[in-house]
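Below: the structure, in structure tokens.
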Amino acid sequence: MSTDPEALGSLLCVWAHPDDETYLSAGLMADASRAGRQAVCVTATRGEAGSTDLQRWPLETLASVREQELKEALAILGTGGVGIEHRWLDYLDGECDKVDENEAVAKVSEIIDDVRPDSVLTFGPDGMTGHTDHKAVCEWTTQAFRSVSPPGAKLYYATTTQEWLDAVMPVFGPFDVFFAGLPSVTAPDDLAIDFELDDELMALKIKAVRAQVSQSEAMFEAIGESFFVTSNGREMYVLAAEA
């Protein structure tokens, strides 16, 4: 059964790179926006190390490209609603595990204290793909949540089910999406959030991913829009902590 997103209240979503937010929480953020609930997205880096084509997107200018792509994606997801706020942590892509942890936790804590969200969404310790930046963001957010989250707030980690993994691996496997490790698997009955996107939200999610051309163009050419819908029509989380 699909989760009622109204119960999540205001959202704070903390991710590592531009486009993480769209794959993992686009539907939830867009639904919050159209319902008039606050949604704030935090991105740790500008993804400047992630070029899929060095001739079209050289590393020297990729940060500005991905910054603009993310801006467009969030504007799309906020269409018809109150919009989605955004904050940068201003760290370097691929170097989050080298950042002073106390400094990073303090930055996330300041945002949590400012936003006072009902629900905080982020990576689990596995980082979904095993990326060290993802794992670092999980650790910073978890520590910050435990330090300053408002009473009643909940922390959620992104997860998958075995059914989902079995369906996507034959297609995504050759593209080395999970280059550093497979995502955690959670039994369906243990999911705290299992949000099925309706047609309107799915259309916005597709448009937002496509807006991040430097990252998504080759993927859509390879797997097609139909499989994207199959693999991205649910956003799933496990409850990690409660204030």
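Data table
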| quantity | calculated |
| --- | --- |
| Karplus-derived 3J(HN,Hα), 6.51/-1.76/1.60, for each residue of the range 133-146, Hz, glycine and proline x | 4, 4, 5, 5, 4, 4, 5, 4, 5, 5, 5, 5, 4, 5 |
| Karplus 3J(HN,Hα) series, Hz, for the range 56-63 with 6.51 cos²θ - 1.76 cosθ + 1.60 (x for Gly, Pro) | 7, 10, x, 4, 4, 10, 5, 4 |
| Length-normalised contact order for the chain - Cα pairs under 8 Å, 6+ apart - percent | 25 |
| Dipole axis of the chain (+1 Lys, Arg; -1 Asp, Glu on Cβ), positive-most option in Thr43, Val171, Tyr23 | Thr43 |
| Partner lysines for Lys207 [C-alpha distance under 25 Å; skip if fewer than 8 residues away on the same chain] | Lys71 |
| For the range 98-113, Karplus couplings with θ = phi - 60° (6.51, -1.76, 1.60), whole Hz, Gly/Pro x | 9, 5, 4, 4, 4, 5, 5, 4, 5, 5, 5, 4, 4, 5, 4, 5 |
| The chain - percent of accessible surface contributed by carbon and sulfur, probe 1.4 Å | 50 |
| Amide hydrogen neighbours beyond the local backbone of Arg87, cut-off 5 Å, H modeled | Cys41, Val42, Thr43 |
| Radius 11 Å from Cβ of Met219, net charge of other residues (Lys, Arg +1; Asp, Glu -1) | -3 |
| Dipole in debye (nearest 20) - the chain, about Cα centre, beta carbon charges: Lys, Arg +1; Asp, Glu -1 | 320 |
| Tensor-based shape of the range 67-203 (alpha-carbon gyration tensor, a/c under 1.5 rounded, otherwise prolate or oblate) | rounded |
| Label-point separation in nm, Asp100 to Phe220, each point 7 Å along Cα→Cβ | 4.2 |
| Gaussian network model of the chain, springs between alpha carbon atoms under 10 Å - residue of Met219, Met128, Met202 with greatest fluctuation | Met219 |
| Whole-number accessible area per residue in Å² for the chain, which is evaluated in the context of all protein chains at 1.4 Å | 43 |
| Electrostatic dipole magnitude of the range 1-142 [Cβ: Lys, Arg +1; Asp, Glu -1; Cα centre; debye, to 20] | 380 |
| Cβ-based net charge around Ile111, under 14 Å, with every Lys or Arg adding one and every Asp or Glu removing one | -3 |
| Rounded, prolate or oblate (a/c below 1.5 giving rounded, otherwise prolate when a/b exceeds b/c) for the chain by Cα gyration tensor | rounded |
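The values are calculated or read from the model by the stated rules, or taken from the named source; none is laboratory data. Source: prediction; values computed, not measured. Cβ: placed from backbone, ideal geometry, glycine included. Neighbour counts: every protein chain shown. Note: areas computed on protein heavy atoms with side chains; ligands, DNA, RNA excluded. Shrake-Rupley method; radii C 1.70, N 1.55, O 1.52, S 1.80 Å.
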